[in-house]
Amino acid sequence: MKRRILLVDDDLAVLFTLKAVLELHGFEVETAGSSAEALARMESGVYQLVISDLRMETEDAGLKVIRSARQQPYNPATALLTAYPPSALRWNGKDADQKHRDREEWAEQDSDSLLIKPLGTGDLLRQVEALLVTHADKQLRESKFSPKAQEEKRRSG
């Protein structure tokens, strides 16, 4: 079964280029050219990953998409795509550890991952795969330690 991605960007060249790359590598990709379109697609579809551009109709339209994705019952992984990372994430002169801490801080606030444009094909695919694996592991851990799972374990053991 192909993994489904919702890709959101108001720049059609970026949108269709990323869609083509992801589809060539085995993903099923639906697109949305605005945050409103993305919100409608999330209500009617199920996705393993939602990738949204940060700046579209407004400076924070992408954050609204990501926050809405996090509220969906199917709990997709999320990634924010931007050429303009917040100033705390501008990495000139920062070492690898600081870059990693910055990404983690960003993820705690809004998105599971931050994809910085321009993004090469190899880097995009590595980050998407890593994000999907990490998210699936997180979901598995959460399900094992949920109150319902703990109660079932207690009853059977």
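Each value in this text was obtained by applying a stated rule to the coordinates, not by laboratory testing. These numbers were taken from a predicted model, which means no experiment stands behind them. All Cβ positions, even for glycine, are placed from backbone atoms using ideal geometry, and neighbour counts span all protein chains on display.
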note = Cβ-Cβ cut-off under 12 Å around GLU28, Lys and Arg +1, Asp and Glu -1: the net charge is +2
inquiry  = So if I take the centroid of the Cα atoms in segment 28-90 and the same for segment 112-143, what is the distance between those two points in Å?
reply    = 14 Å
